[in-house]
Amino acid sequence: MKKTIQNNLSLLPKHVAIIMDGNGRWAKKNKLKVALGHRTGVISLREIIRESNNLGIKSLSIYAFSTENWKRSTIEVSALMDLLSEFFTKDIDELNDENVKVLIIGDVEGMPEPQRTILKNSMALTQNNTGMILNVALNYGGRSELIRAAKLIAENYKNGEISLDDVDEDYLANMLYTKGQLDVDLLIRTSGEMRLSNFLLYQCAYAEFVFPKVLWPDFTVEEYHKALLEYMSRDRRFGGRNTDE
Ligand code: FPP
């Protein structure tokens, strides 16, 4: 029987991470301004959030703005900030109704106003929701996240709250922004680029990677299903062996 998502729901990843790449190239290809590429990217994002929630994915992590993205032109950065405000103002009630918990991962304090307040309000509104966790990486870098964790651990050690033996993989995982969540099972990066770009370095240790060629604004639910089916066909061994070969 052909493998479909519906008859193999138990094989779905529990944590999906997405690098939404290709908005700029999509805009160029369509002779549009880059801001319109990002705006069209938000339409894809909305559909993928909805579908992830329908499928019962536990955590969806999206890379929306890295610590390196500040290097882009003022016009592009400000277009992205406007889109963020718009998204978290217009879509937050629907996300809340769908029981989605929004978690901003990254340095929220380093975000400009009014985005900082809008983001904090979105987190506060949805903090007790028990459905899918939507991790939105903003002003985020994987190495910075690990440095932050190292400092938190050092602080706890200095205060005598822990001994060195208490520091193991789980302890460190609980010092990350994604505290309490499962590791990433599937990482999708659109546009054919095959890089991790400092995204969820610790959490992706055993992730399966899928690199669809389509640009993010062209990433439909159908493309998402293809990536999920590709993941479901993989043989995950976590360093061990599944057969007696
Ligand atoms: C990468 O494409 C995409 C980004 C840097 C930003 C992604 C942001 C959004 C989809 C919209 C904002 C997010 C929310 C949560 C509302 P790129 O511009 O690097 O593409 P390119 O490599 O083709 O230039």
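Before we move on, is S163 exposed (fewer than 11 other Cβ atoms within 10 Å of the Cβ) and of a type in the set (S, T, Y)? Walk me through it before giving the result.
Details: exposed (fewer than 11 other Cβ atoms within 10 Å of the Cβ): yes; of a type in the set (S, T, Y): yes.
Against the criterion (exposed (fewer than 11 other Cβ atoms within 10 Å of the Cβ) and of a type in the set (S, T, Y)), S163 qualifies.
Conditions tested, residue by residue: (1) more than 20 Å from E222 (Cα to Cα); (2) open to solvent by less than 80 Å² (accessible area, probe 1.4 Å).
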residue: V34; (1), (2): yes, yes
residue: S52; (1), (2): no, yes
residue: T74; (1), (2): yes, no
residue: M81; (1), (2): yes, yes
residue: F87; (1), (2): yes, yes
How many of the residues in region 122-137 are surrounded by 13 or more Cβ atoms within 10 Å (Cβ to Cβ) and touching a residue at least 24 places away in the same chain (Cβ under 8 Å)? 11
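Conditions tested, residue by residue: (1) at positive phi; (2) within 16 Å of the chain's Cα centre (by Cα); (3) among the basic types (K, R).
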| residue | (1), (2), (3) |
| --- | --- |
| R50 | no, yes, yes |
| I62 | no, yes, no |
| F65 | no, yes, no |
| V77 | no, no, no |
| D82 | no, no, no |
| D93 | no, no, no |
| N99 | yes, no, no |
| D107 | no, yes, no |
So for region 223-239 (the condition being open to solvent by 50 Å² or more (accessible area, probe 1.4 Å), at negative phi, in a loop (DSSP other than H, G, I, E, B) and within 16 Å of the ligand (Cβ to nearest atom)), does at least one residue qualify? no
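The values are calculated or read from the model by the stated rules, or taken from the named source; none is laboratory data. What you see is a predicted model, and the numbers here were worked out from it, not measured in a lab. Cβ sites come from the backbone with ideal geometry, for glycine too, and all protein chains shown count toward neighbours. These area figures cover heavy atoms from the full protein model, side chains too; ligands, DNA and RNA do not enter into them. Shrake-Rupley method; radii C 1.70, N 1.55, O 1.52, S 1.80 Å.
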